[in-house]
Every structure is written in structure tokens, then in C-alpha cells.
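*Asks:* Quick one: the structure is below, and I'll ask about it shortly.
The values are calculated or read from the model by the stated rules, or taken from the named source; none is laboratory data. Bear in mind the structure is a predicted one, so any value in this text is a computation, not a measurement. Cβ sites come from the backbone with ideal geometry, for glycine too, and all protein chains shown count toward neighbours. Ligands, DNA and RNA are excluded from the accessible area calculation, which covers all protein heavy atoms including side chains. Shrake-Rupley method; radii C 1.70, N 1.55, O 1.52, S 1.80 Å.
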Amino acid sequence: MKSHRFLTLIAAAAALAILPARADNPLPDSIKQGGFAIGPQMWTFNHFTAFEGIAKAEEAGAKCIEFFPGQKLSLDRPNAKLHHTMTDDDMKALQDELAKHGIKAVNYGVVAGKDEAEWKQIFEFAKKMGLYGITTEDVGHIDIIEKLVKEYDIRVGYHEHGRQPLNRNYQVWDPNFVAQLVKDRDPRIGACADTGHWATSGLVPLDCLKILKGRIISVHLKDRKVVGKASEDVIYGTGISDVPAMLTELRAQNFQGNVSVEYEAKWMDNVGDVKTCINYVKSWGEAHP
């Protein structure tokens, strides 16, 4: 699966001498397990409200969480959604719920803004929530994003979904494209590495991490049974994605971002599997201090 072109680009990326993202707004050690700030991406619990998802994150043993836009907020606020346009009252209720369960919100996405005004609103939301980063696929507004990254000192990671063969305009699936997109930008702009979607695109996730060395802002860590087509996620270590090698590579890169368990399987009853994934990373870290 490793084409000559792909391996050549790996070597080229390694030689770029890219600076790591600044640490002016670092993730606290108190939320790290096994050396990583690992917790669920709330898409994992998208069949539930945000408040229910926060409780599930605590049940899974997480200390941090990544939000996505549009999730219903709570059963007692049926018209409210977790979104960068939410009211101050709803945001206060969300912050209180996080504190109640001992969970820190660290990231928000995948999100995009239609213009500079909405992107500023996204960054304001991230600042109020004390987030480390924002996740997007909005290539067209990267100049605006870079300006706001400098203003707010909040990181932005470019996420990828699976390759879309009939849509040549969709390029972020390719880590080489993302590496070129961000290489001359502020070092706080980089990649949200979704190892599952790379596998869907027929790529080797470990190779992709190497291509993006020094520019990985966050990770959606997934294990899969197959490569080259969409499939459900499986518990870390039971698929083909070589999770230990990926953790080793992230450690070698001095990766300091959040690792999200985005578990797209067993939607109504996946807390146990998420907990097992978190414990897998925790155990790996304890065995590799």
C-alpha cells in the first residue's frame, strides 16, 4: 500500500523542520492519562444530549471531552443546542455540568464559519469555554483563521473525512495536502489527525502521522478492521491500525494536543468500549513512561 510517491513525501515532510505549535495555552497534566489528554469526541454520543454525553464521558473514565456543533444541550432545555451561537445562560449551564462531572472541554469541531464575523464568534466561544483548539475543514477561510489564531492564541486543526473520488475539490483527506496547506502558516495551525478516515481512504495512518510531523494539533484516534472502505470502529488493539506504533510516534513528536476517542459504533451502548480504549492508552503510557 505504500507507494513510492507516498514514501518520498514522508521523507520530504520530515525534512521541513516545522516548528511545533506554541504552548501558551497548554493542556493541563491533570487531565492526562498515560501521557495523553484522552477523552471522547461527543459525536460518539450523538444519539444523546450533551449533558448525557458528559455523564457518559465520566462513566468511561475520561477527564476531557471534545464538542461538536449542533448537539442537543439537555433534556430540560429541549430547544437549546451546543453551538457557538448558544446563549450565555445555556453556556453557563454547560460549564456547570462539566464541573459537576469533573470533565474539561478541550476542543470543538468539526466546525466552519461562513465569514469572518462567524469565525470570530467561533473563537469567542472557544475562549469563553477555555478550549485548547478548534477543528475544521474550512480551507477557504484560512487567512481569517490564521488572523484569529494569533489574536486568541487558540489552535486550529484541519480534519479529514474519507476520500471523495467524485469530488476533486475535497483535498483535506490527503495528509500531503494538509502539510502543504499549513507549512507556512502560524505554527498553531495544523492537522486534526483522524486515523479512521485515513484508513477509509486506503492510507496507512502511521505514515500519515509521520507526514504531518510537528503540525499535529489533535487526534481522532480510531482502530478499524479494514482499510480502503468505511467501516465501524473497534476497540484499540483489536484492529489493523497499530495503535501502539501510533502512540509511539506521537510521543516521539512530543505531541501535546488532545486525543479524542471518536467511536462510531454501537451508538446506543458504547460507553464500555470507550472506557476500554481510554484504559488501553492509559496502560500503554504506564508501560512506556
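*Asks:* Is it true that some residue in the range 193-202 is modelled with pLDDT of 95 or more, hydrophobic (A, V, I, L, M, F, W, C), part of a strand (DSSP E or B) and closer than 24 Å to residue 165 by Cβ?
*Replies:* There is at least one residue in the range 193-202 that is modelled with pLDDT of 95 or more, hydrophobic (A, V, I, L, M, F, W, C), part of a strand (DSSP E or B) and closer than 24 Å to residue 165 by Cβ.
*Asks:* Still on this structure: Is there any pair with a first residue in the range 195-213 that is within 15 Å of residue 254 (Cα to Cα) and a second that is open to solvent by 10 Å² or more (accessible area, probe 1.4 Å) and not in a helix (DSSP H, G or I) whose Cβ atoms are under 6 Å apart and which are 6 or more apart or on different chains, and what are they?
*Replies:* Taking only residues 6 or more apart or on different chains, the pairs are 213/253.
*Asks:* Right, something else. From (1) on the phi < 0 side of the Ramachandran plot; (2) buried (at least 18 other Cβ atoms within 10 Å of the Cβ); (3) modelled with pLDDT of 95 or more, pick out the condition that doesn't hold for residue 18.
*Replies:* Result: residue 18 fails condition (3) only.
*Asks:* Looking at the range 211-219, can you tell me whether even one residue there is open to solvent by less than 40 Å² (accessible area, probe 1.4 Å), within 18 Å of residue 106 (Cα to Cα) and part of a loop (DSSP other than H, G, I, E, B)?
*Replies:* yes
*Asks:* Can you pull out the residues in the range 31-49 that are open to solvent by less than 40 Å² (accessible area, probe 1.4 Å), in a helix (DSSP H, G or I) and over 15 Å from residue 272 (Cβ atoms)?
*Replies:* Result: 31, 42.
*Asks:* Here is a follow-up. Out of 223, 233, 242, 273, report the one residue that is more than 18 Å from the chain's Cα centre (by Cα), open to solvent by less than 70 Å² (accessible area, probe 1.4 Å) and not aromatic (Phe, Trp, Tyr).
*Replies:* Residue meeting the stated conditions: 273.
*Asks:* Sticking with this structure for a sec: Looking at 280, 263, can you tell me which residue is modelled with pLDDT of 95 or more and outside any helix (DSSP H, G or I)?
*Replies:* Exactly one residue qualifies, and that residue is 263.
*Asks:* Also, I was wondering about something else. Can you pull out the residues in the range 93-107 that are over 16 Å from residue 26 (Cα atoms) and not hydrophobic (A, V, I, L, M, F, W, C)?
*Replies:* Those that are over 16 Å from residue 26 (Cα atoms) and not hydrophobic (A, V, I, L, M, F, W, C): 95, 96, 97, 100, 101, 102.
*Asks:* Only one of (1) surrounded by fewer than 17 Cβ atoms within 10 Å (Cβ to Cβ); (2) in a strand (DSSP E or B) is not met by residue 134, so which one is it?
*Replies:* Residue 134 satisfies all of (1) surrounded by fewer than 17 Cβ atoms within 10 Å (Cβ to Cβ); (2) in a strand (DSSP E or B) except (1).
*Asks:* Output the residues belonging to the range 50-81 that are surrounded by 24 or more Cβ atoms within 10 Å (Cβ to Cβ) and either under 26 Å from residue 117 (Cα atoms) or in contact with a Gly (Cβ under 7 Å, 6 or more places away or on another chain) (or both).
*Replies:* If the condition is that a residue be surrounded by 24 or more Cβ atoms within 10 Å (Cβ to Cβ) and either under 26 Å from residue 117 (Cα atoms) or in contact with a Gly (Cβ under 7 Å, 6 or more places away or on another chain) (or both), then 50, 57, 62, 64, 65, 66, 67 are the ones that fit.
*Asks:* Now for a different question. Residues being of a type in the set (S, T, N, Q) and at pLDDT below 95: count how many of those fall in the range 206-240.
*Replies:* 1
*Asks:* For residue 281, all conditions in the list (1) buried (at least 20 other Cβ atoms within 10 Å of the Cβ); (2) under 15 Å from the mean Cα position of the chain (by Cα) hold save one; what is the number of the exception?
*Replies:* (2)
*Asks:* Out of all the residues in the range 102-117, which are out of contact with any strand residue (DSSP E or B) (no Cβ under 9 Å at 6 or more places or on another chain) and either open to solvent by less than 20 Å² (accessible area, probe 1.4 Å) or under 24 Å from residue 258 (Cα atoms) (or both)?
*Replies:* Residue satisfying the conditions is 102 alone.
*Asks:* While we're here: Pairs please, first residue from the range 134-161 and within 30 Å of residue 230 (Cα to Cα) and without any contact (Cβ under 8 Å) to a residue 12 or more places away in the chain, second anywhere and open to solvent by less than 10 Å² (accessible area, probe 1.4 Å) and polar (S, T, N, Q), Cβ atoms under 6 Å, 6+ apart in sequence or on different chains.
*Replies:* So the pair list comes out empty.
*Asks:* Additional query: Residues 248, 238: which one is part of a loop (DSSP other than H, G, I, E, B) and more than 19 Å from residue 66 (Cα to Cα)?
*Replies:* Testing whether each residue is part of a loop (DSSP other than H, G, I, E, B) and more than 19 Å from residue 66 (Cα to Cα) leaves just 238.
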